[in-house]
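First up is the structure itself, then whatever we jot down about it.
The values are calculated or read from the model by the stated rules, or taken from the named source; none is laboratory data. The model shown is predicted, which means the values in this text are computed figures rather than measured ones. Here the Cβ positions follow ideal geometry from the backbone for every residue, glycine too, while neighbour counts run over all protein chains shown. Keep in mind that these areas ignore ligands, DNA and RNA; they rest on the heavy atoms of the full protein, side chains included. Shrake-Rupley method; radii C 1.70, N 1.55, O 1.52, S 1.80 Å.
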Protein chains: 2
Amino acid sequence: MSKRVAILAGGVGGAKMAHGFQHVLPAGNLSVIVNVADDFELFGLRISPDLDTVTYTLAGIADPDVGWGIRGDTHRALEMLGRLGAETWFSIGDSDLATHVRRTQLLRGGALLTDVSRSIVAALGVPSHIFPATDQAVRTIVQTDEGELDFQAYFVQRGQRDEVRAVRFAGNDLARPTEAALAAIGAADLVVIAPSNPIVSIGPILALPGMREALAHAATTAVSPIVAGRALKGPADRMLATLGHEASALGVARLYADVVDRFVVDEADAALAPDIESLGMAVTVLPTVMRTNGDRAELARRIVMLNA
Amino acid sequence: MSKRVAILAGGVGGAKMAHGFQHVLPAGNLSVIVNVADDFELFGLRISPDLDTVTYTLAGIADPDVGWGIRGDTHRALEMLGRLGAETWFSIGDSDLATHVRRTQLLRGGALLTDVSRSIVAALGVPSHIFPATDQAVRTIVQTDEGELDFQAYFVQRGQRDEVRAVRFAGNDLARPTEAALAAIGAADLVVIAPSNPIVSIGPILALPGMREALAHAATTAVSPIVAGRALKGPADRMLATLGHEASALGVARLYADVVDRFVVDEADAALAPDIESLGMAVTVLPTVMRTNGDRAELARRIVMLNA
């Protein structure tokens, strides 16, 4: 298992998969390229939810109940911020707040998000590389019946209650993948697209100019985030449907058709294999639902073996 | 006791005195004009130690053991900041951190420190007015045998171990007192200079262009921060000595000679009364050491009575 693997990931689902790969690979062989189009500013601080979820998970300090935030964290600062009149719809624990304060300090001092992430990863002793997909400000904007919403307004503040009519990534035209992300893809024996939301987690990564071209040269395997027509977590299934895609593993495979060599579907979706194969990719049927740390490692092990 | 009182204050000593006045005056009759030359930036956040000490004390949430910070606060964020490589020589609790985050957010949004302070005072239900002496960036710099040090580097990071050879207030030439501070002094029946450090707490307030002139028109009483040759708290006695002043109530009275009508000394310093009177001010001998909330209120009551 000495392969080099690069994972494209969003938040909780991507973090779980990355954790499995970190377990089965030698230290340093895993690079996680993380969506930052969900990033936003709160209390004047730069919040990078997916980066933090991946980092905390790979550092072994993530809250196991929700998958994000820090295990056992308290919320005194958030309570005081509320008392002082700040909006508190986005939950931030006290230890977690420190990450945002530190990130904001380093960014204001001129560091790139890649530098900040490298610093935090090193400080927390994470044995993998974690890179933002881009150092530039790309922001997901969703079109709803209430008008355009910033991603976190849609996702957290309004609890995903709005139907998504369109999605755009503001700033994407002028953005580019980081050199570190491209180098990790270039050096990888295997690139894995995690079972994250294909529209708003993987979508902004693939939309970066040059990213699809970089992946075209790599051996790329995607894992379906839709199992039996349902998202494992979050609103991906509804979002696919309202955007005119099929809310199924097949619908996701179509979105990845030009960049993926192999598509992994859950055992529940074995019947979709022929239709997915007809898109020009190999299909592998595996148990993909990761309930335990053991599930994560076993899925990672089997994906690596497929490419041995 | 329906007088309007304005207090010039630094941190803990000024906060205690202000708390006593707040107790004996009708709500809204007390204005505290607070030193901000100790302010600094840490973790990219604007910290205003004296403003916060006064605000927390008047809100009834200050830590009673040390006089600053918030009672019962935890330090998870600081611990994480240390883990992430930030300097942690300045202790900040989790609730306290929220104040700095909120202040920084509002300042970056264009608010003046006066606006920020008003907002925090209102949010915490403080029945007094608390104003920064200036909205501009005045910073105390101390000259030591190790060279020039920022105030907090001298005061907290190096634990006041350096002898102070000179003090200057960077930015003071271009600064001015806030309109709110001048209005509070103009409307006050009595201005009180709290028993704060005369060099680095009261000094920067008095040094603001126009401040001594404003006080010349007011009935002003100062309370000595030096009792029997010793500072009640902090390095004021050593600082007076190394700067060529007498480390006594008389030495402090000399610094205030042009702005003070009455000087209150502790019973321990009754013998200094004739020398202080010869500076052209009335002297009153009172128990000035505030150990309990009752002491604070009693001292305030007696000072108000002196000016009845």
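Within segment B:142-167, which residues are aromatic (Phe, Trp, Tyr) and open to solvent by less than 20 Å² (accessible area, probe 1.4 Å)?
Those that are aromatic (Phe, Trp, Tyr) and open to solvent by less than 20 Å² (accessible area, probe 1.4 Å): B:PHE151, B:TYR154.
Which residues, taken from segment B:1-16, are aliphatic (A, V, I, L, M) and assigned to a loop (DSSP other than H, G, I, E, B)?
Result: B:MET1, single match.
Restricting to segment A:93-115, what's the tally of residues that are out of contact with any His (no Cβ under 8 Å at 6 or more places or on another chain) and of a type in the set (Asp, Glu)?
Selection size over segment A:93-115: 2.
What is the number of the single condition among (1) within 14 Å of chain A (Cβ to nearest Cβ); (2) more than 21 Å from B:ALA15 (Cα to Cα); (3) not in a helix (DSSP H, G or I) that B:LEU149 does not meet?
Checking B:LEU149 against (1) within 14 Å of chain A (Cβ to nearest Cβ); (2) more than 21 Å from B:ALA15 (Cα to Cα); (3) not in a helix (DSSP H, G or I), the one that fails is (1).
B:PHE155: in contact with a strand residue (DSSP E or B) (Cβ under 7 Å, 6 or more places away or on another chain) and either outside any loop (DSSP other than H, G, I, E, B) or not basic (Lys, Arg) (or both), yes or no?
no
I'm checking my understanding of the structure. Among residues of segment A:60-99 that are of a type in the set (Asp, Glu) and touching a Phe, Trp or Tyr at 6+ places or on another chain (Cβ under 9 Å), which one is nearest to the other protein chains (Cβ to nearest Cβ)?
Taking the candidates together, the pick is A:ASP96.
Scan segment B:122-148 residue by residue and report those that are without any contact (Cβ under 8 Å) to a residue 24 or more places away in the chain and under 23 Å from B:ALA18 (Cα atoms).
B:ALA122, B:ALA123
With respect to B:THR284, determine if the residue is among the β-branched types (Val, Ile, Thr) and open to solvent by 60 Å² or more (accessible area, probe 1.4 Å).
For B:THR284, the condition - among the β-branched types (Val, Ile, Thr) and open to solvent by 60 Å² or more (accessible area, probe 1.4 Å) - is not met.
So how many residues does segment B:44-54 have that are outside any helix (DSSP H, G or I) and open to solvent by 10 Å² or more (accessible area, probe 1.4 Å)?
Residues in segment B:44-54 being outside any helix (DSSP H, G or I) and open to solvent by 10 Å² or more (accessible area, probe 1.4 Å): 2 in total.
In this structure, is A:ASP173 open to solvent by 20 Å² or more (accessible area, probe 1.4 Å) and under 18 Å from the mean Cα position of the chain (by Cα)?
no
Taking segment A:182-195 as the region of interest, how many residues are within 10 Å of the chain's Cα centre (by Cα) and open to solvent by 10 Å² or more (accessible area, probe 1.4 Å)?
1
Buried (at least 17 other Cβ atoms within 10 Å of the Cβ), outside any loop (DSSP other than H, G, I, E, B), more than 10 Å from chain B (Cβ to nearest Cβ) and of a type in the set (Ser, Thr, Tyr): which single residue out of A:THR57, A:THR134 fits that description?
A:THR57
Identify all residues within segment A:291-308 that are in a helix (DSSP H, G or I) and open to solvent by 10 Å² or more (accessible area, probe 1.4 Å); write none if there are none.
A:ASN293, A:GLY294, A:ASP295, A:ARG296, A:GLU298, A:ARG301, A:ARG302, A:MET305, A:LEU306
Taking the residues in segment B:90-131 that are charged (D, E, K, R) and open to solvent by 40 Å² or more (accessible area, probe 1.4 Å) as candidates, determine which candidate is nearest to the chain's Cα centre (by Cα).
Only one residue fits best here, namely B:ARG118.
Kindly provide the set of residues from segment B:211-233 that are open to solvent by 10 Å² or more (accessible area, probe 1.4 Å) and either closer than 21 Å to B:ARG4 by Cα or in a helix (DSSP H, G or I) (or both), ordered by number.
B:ARG212, B:GLU213, B:ALA214, B:ALA216, B:HIS217, B:ALA218, B:ALA219
When the residues of segment A:32-49 are filtered to those that are farther than 16 Å from A:LEU124 by Cα and out of contact with any Pro (no Cβ under 9 Å at 6 or more places or on another chain), which remaining residue is farthest from the other protein chains (Cβ to nearest Cβ)?
A:PRO49
Just the residues that are in contact with a Gly (Cβ under 9 Å, 6 or more places away or on another chain) and more than 28 Å from B:LEU208 (Cβ to Cβ), please, taken from segment B:269-293.
B:ASP269, B:ASN293
Of all residues in segment A:17-42, which are surrounded by 24 or more Cβ atoms within 10 Å (Cβ to Cβ) and either modelled with pLDDT under 95 or assigned to a loop (DSSP other than H, G, I, E, B) (or both)?
The answer is A:ASN35, A:VAL36, A:ALA37, A:ASP38.
What are the residues in segment B:108-131 that are in contact with a helix residue (DSSP H, G or I) (Cβ under 6 Å, 6 or more places away or on another chain), more than 25 Å from B:PHE151 (Cα to Cα) and more than 14 Å from every other protein chain (Cβ to nearest Cβ), if any?
Within segment B:108-131, B:SER128 is the sole residue that qualifies.
Considering segment B:85-114 alone, what residues qualify as being charged (D, E, K, R) and in a loop (DSSP other than H, G, I, E, B)?
B:GLU87
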